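The values are calculated or read from the model by the stated rules, or taken from the named source; none is laboratory data. As the structure is a computational prediction, the values presented were derived from the model and not from experiment. We place every Cβ from the backbone using ideal geometry, glycine too, and count neighbours over all the protein chains shown.
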């Protein structure tokens, strides 16, 4: 069972809500998941097999209908049936690019949290794991599967100690997309988002989308390129 949780970094700014048509670029009807924990089934009835779970805001394409059920497809092409009551017309987008494949990449280990510090070694790390750590910068603790212990996070760097005894600072490799202050590359970077991150759609302009995401203690708002997103 898969669940799309909201995955975002930092940000700030204000809110402008615009009414947008509930359709994709190619004209198909689109709706969003109305609440967390909505169950997707393989047939339009409550006794049908449970496929997986969706969380609030995930945009879906409507591909069929039967009574008070809708057949849906998500941004990965997976689909099934949801009740109409579990959907709404509030426009949302999801980051559809740069899915982590779990490949390992070699990173420099430094004496301190910055490029100016001396390199004391190199190690391979799993890109997907460190993308997750990047989303949760306050997380510290042991992880035996990595062959290292994460000791501290500071200024976007992670202090680690390997089983070999080597200890130092790593810049977590991620495939995040940029969130900017305005609709263009020239605008200041105000945050980042990773594959599967879900946002409310506020405005679309010049090939960019103004988006907003809210979690307890965190408000992310800014502009992302339209071709990096899927939704309405």
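Numbers for the structure displayed
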{"quantity": "Number of the condition not met by residue 207 [criteria: (1) more than 19 Å from residue 108 (Cβ to Cβ); (2) touching a residue at least 40 places away in the same chain (Cβ under 8 Å); (3) in contact with a helix residue (DSSP H, G or I) (Cβ under 7 Å, 6 or more places away or on another chain)]", "calculated": "(2)"}
{"quantity": "Test: residue in the stretch 83-90 that is closer than 22 Å to residue 232 by Cα, exposed (fewer than 13 other Cβ atoms within 10 Å of the Cβ) and out of contact with any strand residue (DSSP E or B) (no Cβ under 8 Å at 6 or more places or on another chain)", "calculated": "yes"}
{"quantity": "Residue 80 vs. criteria in a loop (DSSP other than H, G, I, E, B), buried (at least 20 other Cβ atoms within 10 Å of the Cβ) and at pLDDT 95 or above", "calculated": "no"}
{"quantity": "Unmet requirement for residue 67, which otherwise passes all of (1) exposed (fewer than 12 other Cβ atoms within 10 Å of the Cβ); (2) in contact with a strand residue (DSSP E or B) (Cβ under 8 Å, 6 or more places away or on another chain); (3) modelled with pLDDT of 95 or more", "calculated": "(2)"}
